[in-house]
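Some notes on the structure that comes next.
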Amino acid sequence: MAVANHARPVSDVFADIVNQLATLARKEIQLARAEMSEKVGFLITGLGVAIAGALLVIPALAILFLSAVAALMSTGLTAALSALIVGGVAFIVGLILLGIGAVWLKAARPVPTRTIEQLQRDARLAKELMGMDSDETERAA
């Protein structure tokens with residue numbers, strides 16, 4: 001009875017694995033680009049809306065500060081002292097908001113986290129396919 005030999009040489013199998021890993025890496029890079037493009041799009045849109053809001057808020061705040069100065073002056077304080085009080089309070093509140101904003105900006109990282117996680121899973125799978133478990137990988141390093 002004849003037995004069909006469908007066994008492939010190890011070199012062919014290894015070449016297939018390398019080609020598939022290269023294809024996978026290209027796809028992951030495309031995914032990272034798409035994810036970064038999406039995050040940059042949200043960042044630009046958010047920045048545009050924030051600038052539009054600032055253009056409306058700044059003159060409104062100036063008018064409110066002038067009204068506060070006028071209100072303090074109506075209580076009998078001088079114009080200079082009224083302006084100093086309103087300006088000082090606005091300065092302190094502004095510094096607090098700047099500090100909070102700086103902390104939030106440091107926390108916001110436009111990093112393709114989903115792609116990084118997928119690449120880590122792919123690397124583990126590639127190691128398994130290549131026959132290297134975690135102990136062998138540590139010994140090789």
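Scan segment 23-34 and give yes if some residue there is more than 30 Å from G131 (Cβ to Cβ) and modelled with pLDDT of 90 or more, otherwise no. No. Do the conditions hold for L43, that is, is it closer than 30 Å to K127 by Cβ and surrounded by 11 or more Cβ atoms within 10 Å (Cβ to Cβ)? Here the answer is no, as L43 does not meet what is asked. Would you say I58 is among the β-branched types (V, I, T) and under 23 Å from the mean Cα position of the chain (by Cα)? Considered against the rule, which asks whether it is among the β-branched types (V, I, T) and under 23 Å from the mean Cα position of the chain (by Cα), I58 comes out as no. For the condition within 37 Å of the chain's Cα centre (by Cα), assigned to a helix (DSSP H, G or I) and loosely packed, with under 11 Cβ neighbours inside 10 Å, G94 does not qualify.
The values are calculated or read from the model by the stated rules, or taken from the named source; none is laboratory data. Treat the numbers as computed from the prediction; the structure is a model and nothing was measured. Don't worry about glycine lacking a Cβ; one is built from the backbone with ideal geometry, like all the others, and counts go over all protein chains shown.
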